[in-house]
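The structure appears below as structure tokens.
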Amino acid sequence: MLAQRLKHVAPDWAKEASRPVFRAYGRATYAQRPLPEFLIIGTKRGGTTSMFKYVNRHPNVLPMWPGVENAKKTHFFDQNWDRGTAWYRAHFPSLAQRDRVEERTGAPAITGEAAPYYMFHPLVLDRVRQTIPDVKIIVLLRNPVDRIWSHYHERVNAGVEHLGFVEALAAEDERLAGEEQRIRSEPGYYSERHDFCSYQARGRYLEHLGPWLDAFYPRQLHIVRSEDLYADPQKTVVEVQRFLGLPEVPPPTPHRYNYVPANRLDPAVRTQLADYYRPHVAALEARLGRSFDWEL
């Protein structure tokens, strides 16, 4: 009852003040909260936030507890693994909430989260397979040259990248040196450098997606070309609804979330990056048996 009353508190400060109450209630009722049915695992700057918000507009998709609109990730599989599955389950809707949705719509309710670091983090795959082996996984892949340029500008706009673009790429190997090994040897360790400074590495998609393809059945993975989401979000989201087993509901007028404007990439640098990524894209296309039609 207290949780229901708090849901109607409008001011942001009141929502923040209520979070500890929601979290305590969620932990106390975790056994009544099933694990999520879907994950959106990346790529960074590939439209994961937009896709998550579009999917969550469906009447049969419940947001994470306590239903805060901007909540899209728990960081459980990358940063909070040591908290345990009870902590994780506390973030998701209860069986009673799901039942109410099914009574209202005539179809089951589902829930999920989105975290673009999940595909890249070296320990997440095994943790997901251990915790939710039947989960459905959505992957967005963007032209790697456009992705890396957007990634860099996001970091600059956040005030944490002070090197020029070419200098940041040159510094990547030094910045990441030893970070993956430390993550693997210290499971509780979180590396901001591995998460945020992995500009070129994040675009070598098959290196990070390949193990997921090996670990899960094809029916559990849905790979979306980010450019399709940008060009025709309604068609792309309906395809995701089908993949998730949801009744098809045309999404509302789309809005591109987390858009970061960027200047035009120097043509010479773009050519160098295209040459760098071309063999990686070819290997990805060969593995998936599809063309991404990226200009490289």
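Here are a few things to note about the model shown:
- Only one of the listed residues (P187, P218, P133) is more than 20 Å from the chain's Cα centre (by Cα) and exposed (fewer than 14 other Cβ atoms within 10 Å of the Cβ). That residue is P187.
- The one condition in (1) over 19 Å from D146 (Cα atoms); (2) buried (at least 17 other Cβ atoms within 10 Å of the Cβ) that P233 fails to fulfil: (1)
- Of all residues in segment 59-105 being farther than 24 Å from K44 by Cβ and touching a Leu at 6+ places or on another chain (Cβ under 8 Å), the one that is modelled with the lowest pLDDT: P66
- The condition (being crowded, with 17+ Cβ neighbours inside 10 Å, touching a helix residue (DSSP H, G or I) at 6+ places or on another chain (Cβ under 6 Å), at pLDDT below 85 and not aliphatic (A, V, I, L, M)) is satisfied by just one residue among Y30, Y54: Y30.
- Residue within segment 120-141 that is among the basic types (K, R), part of a loop (DSSP other than H, G, I, E, B) and either touching a residue at least 24 places away in the same chain (Cβ under 8 Å) or farther than 27 Å from E285 by Cβ (or both) present: no
- For segment 142-156, the set of residues classified as in a loop (DSSP other than H, G, I, E, B) and of a type outside the set (K, R) consists of N143 only.
- Tabulated pairs, segment 212-228, first among the acidic types (D, E), second part of a helix (DSSP H, G or I), C-beta under 7 angstrom, 6+ apart or interchain: D228/T236
The values are calculated or read from the model by the stated rules, or taken from the named source; none is laboratory data. Values in this document were obtained by computation on a predicted structure and should not be read as measured data. Positions of Cβ are backbone-derived with ideal geometry, glycine not excepted, and every protein chain shown enters the neighbour counts.
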